[in-house]
Amino acid sequence: MSTEQIFYLIIFITYSLVGILITYNATKVKKTNVYYFGFNLIVNGFIYFVVFLEFTYMQYIVRGFSLVLGLLFTQYTFYQDKKGPFKFFLTFAIISGCIQGVLSILAFFSPFSLLIAVPSLYLADIFFAVTVMINAGWFTHAAFEAYKGVKSFNLEPFQKKRYIIFAVSGLFLIFVGFLFFILMPVLINYMLNPTPVNYVIQLIVQFSIAGFTIVFIILNYLVWVPPKFFRNFLNKGYQGSTEKEEELSEEELMKKLSSGGS
């Protein structure tokens, strides 16, 4: 098993495990909006499993579906009762996903080999990176805005601080997209010239992307399936006034926010 395959396997397991836990938890508490995020992580895990088995065009096709799930989560979590850029971002994500799929099929089935494959995969990854940064940038902004809106509410600190944690996780995902955007030539250079030096350089790039991705996953585990000790740590010293305030769902919290906290 190569070093790259070890990366892919670790990320596959982490994505899938946390995605399943988030989906299961969402089912228990009936948070339908969180289903989308849980499925998003599961699909991302599947993508890394596909890459672990074999580098193929399938990963380029499936990851477009993952990005759409992420947009649906942001829309139904933060923008149910207000206007937002959802339709524009969704249209862009669908078009981007279609372009990635076409380019990947062209790359893997072209009779002209590397002459077509390399620029096609590079363009596909550029579209992917830009879409990831847009997706993550949107939910990061939405989470920061939600925190600013609820920080004055009489809620347990965890319910407020988790929006900050979620927003920070988005910053890590933005950086993953940025690394894809600026460092993809490094990975392509290794594909074309697999020298020891290029191997070390691309390994550093892979380490960086894997590291930021795993931090993103762990932070979202803490947000959506919080261990008791973590929740208690954030709630240290808090005295709740009513049980209802402590049990507000995301939908109820956003409705309360849109009504001015009444």
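Just so it is clear, none of the values below were taken in a lab; they were calculated from the coordinates. Small disclaimer: the values here were computed from a predicted structure and weren't measured. Here Cβ is always computed from backbone atoms with ideal geometry, including for glycine, and neighbour counts include all displayed protein chains.
Once all Cα-Cα distances of the range 37-146 are split into 5 Å bins that start at 0, what whole-number percent is in each one?
Calculated over all Cα pairs of the range 37-146, the distribution is 2, 12, 21, 22, 17, 11, 8, 4, 2, 1, 0 percent.
Given a cut-off of 24 Å, what percent of all Cα-Cα pairs of the chain lie beyond it?
Within the chain, distances greater than 24 Å cover 50 percent of Cα pairs.
Per 0.36 nm of contour for each residue apart, how much would the distance between Gln239 and Lys83 grow if the chain were fully extended, relative to their Cα-Cα spacing? Intermediate results must be reported in sequence, preceding the final value.
Working: separation 156, 0.36 × 156 = 56.16 nm, distance 3.51 nm.
Extending this stretch completely gives an extra 52.7 nm.
Using the basic label-point model (7 angstrom from Cα toward the beta carbon), what is the Glu145 to Ser110 distance in nanometres?
In this crude spin-label approximation the distance works out to 4.0 nm.
Please give the calculated 222 nm ellipticity per residue for the chain, where each DSSP H segment of at least 4 residues contributes -39500 (n - 2.57) and the sum is spread over every residue; nearest 500 deg cm²/dmol?
-28500 deg cm²/dmol
Which trypsin sites (Lys or Arg not before Pro) in the range 64-111 sit in a loop by DSSP (not H, G, I, E or B) and have at most 14 other Cβ atoms within 10 Å of their own Cβ?
Those satisfying the criteria are Lys82, Lys83.
Using Cα atoms only, what is the angle between the long axis of helix 3-29 and the major principal axis of the chain, expressed in degrees (0 to 90) to the nearest 10?
That works out to roughly 30 degrees.
Taking the Cα centre of the chain as the origin, how large is its charge dipole in debye, to the nearest 20, when only Lys and Arg (+1) and Asp and Glu (-1) carry charge on their Cβ atoms?
Charge dipole, the chain, about its Cα centre: 620 debye, nearest 20.
Explain nothing, just compute: Karplus ³J(HN,Hα) = 6.51 cos²θ - 1.76 cosθ + 1.60, θ = phi - 60°, for every residue of the range 134-143 in order, whole Hz, x for Gly and Pro.
Per-residue couplings from phi come out as 5, 4, 5, x, 5, 6, 5, 4, 4, 5 Hz.
Taking the Cα-to-Cβ direction at Glu4 and at Tyr199 and moving 7 Å from each Cα, how far apart do the two end points lie in nm?
1.2
For the range 84-154, what relative contact order do you get, as a whole percent, if you take Cα pairs closer than 8 Å and at least 6 residues apart?
29 percent.
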